[in-house]
Every structure is written in structure tokens, then in C-alpha cells.
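Take a look at the structure set out below.
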Amino acid sequence: MHGGRGWVLAQVAVTYPIPGGGIARLSARHDVRVHPDGASVGGAALADFVAGAEALVPLVSNQVDAGVFAACRGLRVVANVGVGVNNIDLDAARAAGVWVTNTPDVLTEATADVAWGLVLAVTRRFVEGDAVMRRGAFAGWRPDFMLGTGVQGKTLGIVGMGRIGRAVARRALASGMRVAYTDRSPVPDGGRDAEFVPRLDDLLPRADVLSLHTPLTAETHHLVDARRLRLLPRGAFVVNTSRGEVLDEAGLAEVLAEGHLGGAGLDVYQREPAVHPALLERPDVVLLPHLGSATWETRCAMADLAVDNCLAILDGRTPPTPVVEGRGDRGRGTGDVTEGPGK
Ligand code: DGY
């Protein structure tokens, strides 16, 4: 419909009051509806909310499944507020000719900080130490009190050397760790001081600390399971800031209970927001509530980039960060259908 301001108003559905100025920018041009608290709305309820809209701006916690694409025939773009797009049925988007975009780069450093923070938190027992202080159990300095594991000279094994993997590698190298990584192929930039190990099963026995940075796909679901965790050296640590489903949580609980691992640091969970109950009981596991990108600056940048993508498609321009290219007059693209870049 014509908005009387010289352009055509599109209906835009935003599932949450995203931070920053993005909603104001969208509203200045289009007819925007914002769900007051739709962070976990998915499936049929999401389809109802999106009905009639040409653009959807969801969070990584909204499941945009095939039913949404089938029900919302006018949809032209799904502009995810997040780099991971495993919450969106990409095949259904392709089949429906709907653009999908994501928010790479802007959250790389924030997420790498959390991954590296978890490495230090688990190896140096920060959370256990905090608990000691709060229950008044600190009796004064002793040479053998609450000793952790030093990372210097040890090997950080990185699974998935995308932007975030490389940013974690930089932090580890600066702290005196060695870095080895696995990926589909060697990574030219950022892999300079890191050793490429083609097979995950060959990387694991060498990793004193393992950090996961692969996107969640059918191939990476439970990529690191109990069998693979047992390939790590005894006393190794595992950190996951990618997606919960990449790590088999029950397998982790099992291998921790066997005493094979030194500990784990998790920011993401298989059935978020639930956590495997056995992990909640363990002092050698540090648990964060999906804080990887949780800085004010980063979340505003993610929301702004999602809105840039959305506005570009609605204007018929190429979006800055496409994952799936839509069809026809839904926007101009490069002609390639691309998967999202690794996290
Ligand atoms: C993402 O963007 O995929 C992150 O997980 C959000 O923190």
C-alpha cells in the first residue's frame, strides 16, 4: 500500500523490541509490528504473528520453520538478528524464494571474549573461587589451595576456524598457547600461527582445551559426543560458545562423571534454556546463559545490521550479509545461493 510519503509501505514483523535505533528506522519507512515479548514464539504462533508481512526480523530463538514459509506467502525476507541461522529452515526459504540474512562480523570479538573468558574460568576455577569467598571459606593464602591448570604452552584445539574461531585463536596465541584447528580446509588468514589438522579425531588427542566454533548443521549435530570427548587427553577442558547441539550434553556429563575431563565451560545448550541436570551439579562446569554476543554495543550492532538487511531487500537493493538469495523482485543479488558463513 502507498504510505503517502512517496514510497510503498511494507508490513514488517519484528519478534522482540530489539535494542538500538533499528525499529525507529524501520518505522520511518514501513508499517512495523513489534511483538512485546516474542523471543520464543515459533511455528504456528509465529506464522500468525507474521501473517500479511513482507519482512520478518526474528531472533535466533525464534524457530522459523517450513510452516511459516508455507503460511506467509507474501514474505520476502527473513532478517535474522544473529549470525547462526539454524533457527531458520533454509531449504524452505530457498523453495519459497525468500531472502535470509544474518549478522556476521559485528559479534565476533564479543563472542571470542566469552569463549576465552570461559577457557580461563574453567582452567583457573573462577566460579568455584567466587563460591568459596561467598560462603566465607577462604582461610587465607596457601601454596596448595585451589590450584588450577595453566594454559601457557598447552594446545587449544579449535573446531571451526571461522571468524570467531580465529578471534579466539588470536587470544590464545597472545597468552602463550599453541593453536591447532580443524575445518573443512586450511584457513589462509588467521591460520598462519595455527596448525591445520584435517581430521577432528586427530585433533582431539592433542587438545588440552577444546573450543567449539562451528555452525550447527545436520553434519555438526552432536559432532562432539562421548566417544570423541574420550579422545581428549585426560584432564582436558571443553568450551562451547557455538550451538548447544554441536556438543552432546549427556555425553559430556557422562565423560565428566568418569573423571576423564578437567571441566567444561558452556554458553549454549542443546535444549536452551534447559541444561542437562547433571551439569548443574558439577563445580567443574561453568555455565553462562548464552552471553556470547551480550554487550550493549554488539546487540545494537546486530539489530542495526538486521534492519539494514531488511531495508535493503524492501528497497530492491542487495542486502549487506545474505545467507540465502531470494527470487524475482525481492531484491537484487549476486546470483549465488549462499550458505551462511561459519560462526
Ligand atoms: C548468534 O548470533 O548466532 C549468537 O548465538 C547470538 O548470541
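The set of residues in segment 153-165 being closer than 18 Å to Leu204 by Cα and in contact with a Gly (Cβ under 8 Å, 6 or more places away or on another chain) consists of Gly153, Ile158, Val159, Gly160, Met161, Gly165.
Could you go through segment 142-163 and let me know if any residue there is part of a helix (DSSP H, G or I), within 16 Å of the ligand (Cβ to nearest atom), at pLDDT 95 or above and not assigned by TED's automatic domain parsing to the domain that holds Cys300.
Yes.
Scanning segment 138-183 for residues that are over 30 Å from Val106 (Cβ atoms) and in contact with a helix residue (DSSP H, G or I) (Cβ under 8 Å, 6 or more places away or on another chain) returns Phe138, Met146, Gly148, Thr149, Gly150. Exactly one residue out of Ala53, Ala112, Ala79 is of a type outside the set (Lys, Arg), under 18 Å from Thr241 (Cα atoms) and surrounded by 17 or more Cβ atoms within 10 Å (Cβ to Cβ), and it is Ala112. You will find that of Arg228, Arg243, the residue that is open to solvent by 10 Å² or more (accessible area, probe 1.4 Å), of a type outside the set (A, V, I, L, M) and farther than 21 Å from Val83 by Cβ is Arg228 and no other.
The residues of segment 97-106 that are within 16 Å of the ligand (Cβ to nearest atom) and either open to solvent by less than 10 Å² (accessible area, probe 1.4 Å) or among the small types (Gly, Ala, Ser) (or both), listed by number, are Val100, Thr101, Asn102, Thr103, Pro104. Determine if segment 212-219 includes at least one residue that is outside any strand (DSSP E or B), farther than 26 Å from Val255 by Cα and at pLDDT 95 or above. Among the residues of segment 212-219, not one is outside any strand (DSSP E or B), farther than 26 Å from Val255 by Cα and at pLDDT 95 or above, which makes the answer no. Reported count of residues in segment 252-274, each being surrounded by 15 or more Cβ atoms within 10 Å (Cβ to Cβ), within 16 Å of the ligand (Cβ to nearest atom) and part of a loop (DSSP other than H, G, I, E, B), is 5.
Suppose we filter Arg94, Arg125 for residues that are away from the ligand (no atom under 16 Å from the Cβ), within 30 Å of Glu297 (Cα to Cα) and under 26 Å from the mean Cα position of the chain (by Cα); which single one remains? Please lay out each step first, then the result.
Values: Arg94 fails: within 30 Å of Glu297 (Cα to Cα).
Of the residues listed, the single one that is away from the ligand (no atom under 16 Å from the Cβ), within 30 Å of Glu297 (Cα to Cα) and under 26 Å from the mean Cα position of the chain (by Cα) is Arg125.
The values are calculated or read from the model by the stated rules, or taken from the named source; none is laboratory data. These figures come from a predicted structure and were not determined experimentally. Cβ: placed from backbone, ideal geometry, glycine included. Neighbour counts: every protein chain shown. Side chains are part of the model used for accessible areas, which takes the heavy atoms of the whole protein and leaves out ligands, DNA and RNA. Shrake-Rupley method; radii C 1.70, N 1.55, O 1.52, S 1.80 Å.
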